[in-house]
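In what follows, a structure is listed as structure tokens, so that the remarks can point back to it.
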Amino acid sequence: MEKSQFAERFADASRAAIEFARRFVEETLPDVIRYHVTLNSSYDGNPLHPGEATYPDDTSKYPPDHLARMELTPLISLLWRDGAVPEWIDRS
């Protein structure tokens with residue numbers, strides 16, 4: 001997958017999540033989307049498959065205030081690494 005395709009799919013999924021949420025909340029949700037990111041929060045205990053990588057230093061490399069209220073472009077740059085993307089993203 002190309003980075004531009006990943007960014008487009010991520011943006012589409014984000015818009016779909018906002019539209020879904022708008023059907024169930026009374027508050028007005030803004031059109032501008034910000035992301036609160038928690039890196040390395042999922043671990044299933046299984047060994048890595050060939051080609052999979054983890055980034056355990058991210059927790060110390062990116063302070064929580066850097067990962068709060070991120071815009072799409074910096075988030076895509078953070079998640080896209082050498083042609084790889086996270087296997088799983090919780091977009092709630």
Just how far, in whole angstrom, is the stretch 22-43 from the stretch 50-86 if you go by their alpha carbon centroids? 17 Å
Relative contact order as a percentage, the chain, C-alpha pairs under 8 Å and 6+ apart, gives 41 percent
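Kindly rank 4-14, 18-28, 58-68, 44-54 from highest to lowest mean number of other beta carbons found within 10 Å of each residue. Walk me through the numbers on the way to the answer.
Values: 4-14: 13.4, 18-28: 8.5, 58-68: 11.3, 44-54: 6.7.
Ranked by mean Cβ neighbours within 10 Å, highest first: 4-14, 58-68, 18-28, 44-54.
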Which one is right for this structure if Kirkwood radius over Cα pairs in Å is calculated from it: (1) 14.9; (2) 12.9; (3) 17.7? (1)
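Just so you know, all these numbers are worked out from the coordinates, no wet-lab data involved. This is a predicted model, so every value here is computed, not measured. A quick note on method: Cβ atoms are made from the backbone with ideal geometry, for glycine too, and the neighbour counts reach across all protein chains shown.
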